[in-house]
Amino acid sequence: MRKLIWFILVLWLAGFVGAASAQEPAPASVTAELKNAQGQVVGYATLITIESGAVSVQVNVTGLATAVGKHGIHLHAVGSCTPDFKAAGGHFNPAAAKHGLDSPQGPHAGDLPNIVFSTDGSASYEAVTDRITLGPGERSIFDADGTALVIHAGPDDQKTDPTGNSGDRIACGVLAAAQPPALLPIAGGEDFFSIAVLILGSALWIGGLLLRRARTI
């Protein structure tokens, strides 16, 4: 009887400690505020993981009056747009592929179909990609230096390495996880140690009660 009780307690404790130390899940969505070269906000981007596990990239722009027709749009390797858009680095490309959705040696993980602007400089855009993830891993946009979304001055020909001849960068935004409601922290370090001690103390107290009860049966 005692062995069974202690076995149950060990499993219970392991489950709680495992839950406390588990890696945080991927954010439900990722957003970016897009700005032009003058620092004015011209639109927003939202990335959402869909049911298939792929990521939906949704972009709405209203303030690029000179942008008409097709324009290259990419995820870039560095989550920075300052002091200028070159700070975003090259395309997000963890697999070291060649550029272009039509390239036999590509595409980059950050390559996307062109965005199309109307005559008033507005655009509503959605593309789905399975080459990135909002969670952990090699394809995560939340690597050590983050990721940015960039719109270019010209269309992407989807085959010329490394940028598809898409020209200058006319809008840029740093991708950041949408902030969830505040929760009791259960991450590593002191918080995890405190929780582990509390769980262990609770387990020993309950174990003592169960053993005492077992002796009286």
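Each reported figure results from applying straightforward, stated rules to the coordinates on display, with no laboratory input. Since this is a predicted model, take the numbers as computed values, not measurements. All Cβ positions, glycine included, derive from the backbone under ideal geometry; neighbour counts span all protein chains shown.
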Mind checking which aspartates and glutamates have their Cα closer than 12 Å to the Cα of residue 98? Skip sequence neighbours fewer than 8 apart in that chain.
111, 161
Any of 70/159; 86/159; 35/86 with alpha carbons more than 19 Å apart? Name them for me.
86/159
Would you calculate the separation in nanometres between label points at residue 168 and residue 143, each defined as 7 Å from the Cα along the Cα-to-beta-carbon direction?
2.8
Along the three principal axes, how long is the stretch 118-183 when you take its alpha carbons, biggest first, rounded to the nearest angstrom?
45, 30, 21
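Between residue 68 and residue 37, what length comes free when the chain is fully extended (0.36 nm per residue of separation minus the Cα-Cα distance, one decimal in nm)? Before the final figure, lay out each step's value.
Numbers: separation 31, 0.36 × 31 = 11.16 nm, distance 1.71 nm.
Length difference between fully extended and current span is 9.4 nm.
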Contour excess over end-to-end distance, with Cα ends at residue 60 and residue 28 and 0.36 nm allotted per residue:
9.6 nm
Distance (nanometres) between label positions extended 7 Å along Cα→Cβ at residue 52 and residue 128:
0.4
Translational D in µm²/s for the stretch 29-177 (Stokes-Einstein at 10 °C, 1.306 mPa s, Kirkwood Rh from C-alpha pairs)
107
Which far-off residues, 5 or more places away or on another chain, put their amide H under 5 Å from the one on residue 106, with H placed in the peptide plane?
98
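Taking the number of other C-beta atoms within 10 Å as the exposure measure, put 145, 156 in order starting with the fewest. Show your work: numbers first, answer last.
Details: 145 11, 156 26.
Going from least to most buried by this count: 145, 156.
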Spelling out what I want: for every residue of the stretch 116-132, take phi, set θ = phi - 60°, compute 6.51 cos²θ - 1.76 cosθ + 1.60 (Karplus), and round to whole Hz; glycine and proline get x.
10, 9, 7, 5, 8, x, 9, 8, 10, 9, 8, 9, 10, 9, 10, 9, 10
